[in-house]
Amino acid sequence: MKSTARLLQTLVVMAAIGQMPSAWAAAAISEDDLRPHIEILASDAFEGREPGTEGERKTLEYLQAQWKKAGLKAAARDGSWLEPVAMVRRVPVQSSASYHSGKDRLRLSNEDIVLIGLEANSETAAMPTIFVGYGVNAQGEVVADVRDKAVFMLSDRADFLPEKLLSSRSRREALANKGAAAVIAVSGEQFEFTAIKRQFQSRPIRLDSNIGHAPIEGAVSSNYMVALVTAAGGDWDKLRLAAKAPDYAGQLLNSTASFKVETGINRFNSHNIIGKIKGRKSGSGTVMFMGHWDHLGICRPEGAADRICNGAVDNASGMAVLTEVARSLSRGKHDRDIVFVGTTGEESGLLGAKAYAAAPTVPLDSIKVLLNVDTIAIAPRGAKVSIIGRGTTPLDGVIENVARKLGRTIEPSTEANAFLERQDGWAFTQKGVPALMVGGSFADPELLQSFLDSDYHGPDDEAGSAIELGGAAEDASLHVELGKYFASNRKFSGTDKAKGAGE
Ligand SMILES: [Zn+2]
């Protein structure tokens, strides 16, 4: 309630001389609006907001109350706020692998192998073994027929691999989708066996669907491969070198494998939270705002001084911005529905976003634009506006027009696109939805890098005065204006090309 009369006077004068900036007319969102949400969501009481924990329960309870207060209506499928996302944690318990070459049983140590099954007990018949090099060729195609085979794939990254298939996870998925019965990563120079094994044992969270997973997955050391290949009369060094060719086509290993795998399985439901502002013109499409509520939880071993990764910048700041954008937009009337989605499991691989994109509450082709908000509290006021996803939609021009009207300047480079696949919008970009991340945090590579090199994903990403909220406040106000613009049938038809569409 501070000096409203005086502010009004100033605005009247400014309007009279034709200088009223629209940001002021729209009652800009301030640092003080954002800070309390971040302090609560990133407090130790929320235990780092890990899916499936008490931290999730508290986070969703808080957001639900805040979103309701901000004027949103519950918009999950069953009329509540929460859309369940089925998740699973798997941990290897024990396993055995046996190999035959002709009639000979191959003797291999059980030391350097770790196996995990989709189900608690998996036992396979004998099947052919095949070495597939990096799994896919330079064109991104799986290199050989892997159906019903035990497939050994190099986990290291090769220069010829297409960008989308660089990670060993994505190549494992490609092999699983082609019907491999077992996909086993071979450690190399970039990823040591102990590190890969530790990853399997760390019980990572996954979506509880079989999509992208072979019935059995695992890893072996390169020493294990030397033993396996040599015992069947082959030469591992030759195989390994041959695989460096961008058109490598794989090699059967002259042996069969059978596996017996016991896996600890813990299934649970996490949740996306969904709220909306109903538009006046039903059927004219949806504007979607998204941000992930989850973070890494208790992330340091017992005895560490600070064990909680609080995720203040990543992404309590984004949830604070979504909440205040919701409050501001729900004060007005809009043609289109405006839907807000807080996603789970982003930190484990965009899980909540992938689950939403696979089973959306509104048809994906009705989403006119999706604006994702992640790690928004890095830059001070005055930061340039960058667009993650620049060039992937026809919307860059209209977004720039809205930003310029607020006095913002534009970062025209595509450097921020380095983060395209590391944010929830990517699950939608892949399905043809125009999904972007707009703001100042990713416009200054030095500022961003200094966050990534310091507090990022550690116990020091905490609430407090050290967090720069100036840029986040400006970006929040920008998102309000973008929301108004994209939710207006008159201003934005939904098929506008960049030029001529700005108002
Ligand atoms: Zn993160």
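The values are calculated or read from the model by the stated rules, or taken from the named source; none is laboratory data. Computed from a predicted model, the values in this text were never measured in an experiment. Quick reminder, even Gly has a Cβ in these numbers, built from the backbone with ideal geometry, and neighbours come from all protein chains shown. Heads up: the accessible areas ignore ligands, DNA and RNA and are worked out on the full protein's heavy atoms, side chains in. Shrake-Rupley method; radii C 1.70, N 1.55, O 1.52, S 1.80 Å.
The label-point distance for R198 and A45, in a model that sets each label 7 Å from Cα toward Cβ, rounds to 3.4 nm. With the simple spin-label model, which puts each label point 7 Å out from Cα in the Cβ direction, the D453 to K431 separation comes to 3.8 nm.
Could you look at the chain and say what percent of its accessible area is carbon and sulfur, using a 1.4 Å probe and all protein chains?
Numbers: 11150 of 22410 Å².
Taking all protein chains in place, the chain shows 50 percent carbon and sulfur surface.
Could you compute the FRET efficiency for S258 and A86, with r as their C-beta to C-beta distance and R0 at 25 Å, rounded to 0.05? Step by step, r from the Cβ atoms, then E = 0.25. Here's how it looks for F289: its modeled amide H is under 5 Å from those of V339, F340, V341, L371, which are all 5 or more places away or on a different chain. Between the amide H of E50 and those of G55, E56, H295, G297, distances stay under 5 Å, these residues lying 5 or more places away or on another chain, with hydrogens modeled in the peptide plane.
Quick one: dipole size for the chain, taken about the Cα centre, charges +1 on Lys/Arg Cβ and -1 on Asp/Glu Cβ, in debye to the nearest 20. Numbers along the way, then the final one.
On the way: 57 positive and 62 negative charges, 379 e Å.
Here the size comes out at about 1820 debye.
For the range 428-445, 3J(HN,Hα) computed residue by residue from phi via the Karplus equation (6.51, -1.76, 1.60; θ = phi - 60°) reads 9, 3, 5, 9, x, 7, x, 10, 9, 10, 10, x, x, 4, 9, 8, 10, x Hz, glycine and proline entered as x. Packing here is the average count of other Cβ atoms within 10 Å per residue, and on that basis the peptides 292-299, 207-214, highest first, run 292-299, 207-214.
Subtract the Cα-Cα distance of K103 and L241 from 0.36 nm times their separation in residues, and report this length gain in nm to one decimal.
Details: separation 138, 0.36 × 138 = 49.68 nm, distance 2.89 nm.
Value of the extension gain: 46.8 nm.
Taking only the C-alpha atoms of the chain, the Rg (one decimal) and the largest Cα-Cα distance, Dmax (whole number), read 25.6, 94 Å. On a 0 to 90° scale, report how tilted helix 4-16 is relative to the longest principal axis of the chain, with both axes built from alpha carbons and the result rounded to the nearest 10. Helix 4-16 sits at roughly 80 degrees to that axis. Taken per residue, the accessible surface of the chain reaches 45 Å², heavy atoms only and a 1.4 Å probe. In the chain, the longest principal axis of the Cα atoms and the axis of helix 31-41 are about 40 degrees apart.
Pairs exceeding a 26 Å alpha-carbon distance, out of K164/K276; K281/K484; K164/K405: K164/K276; K164/K405.
Gain on full extension, evaluated as 0.36 nm per residue between D365 and D145 minus their Cα-Cα distance, stands at 75.7 nm.
Taking Rh as the Kirkwood radius computed over C-alpha pairs, what is the Stokes-Einstein D of the range 88-266 at 20 °C in a medium of viscosity 1.002 mPa s, expressed in µm² per second? Before the final figure, lay out each step's value.
On the way: Rh = 16.1 Å.
Estimated via Stokes-Einstein, D reaches 133 µm²/s.
For the pair E302 and S282, label points projected 7 Å from Cα toward Cβ lie 5.6 nm apart. Computed extension gain for S96 through E111, at 0.36 nm per residue and net of the alpha carbon distance, reaches 4.4 nm.
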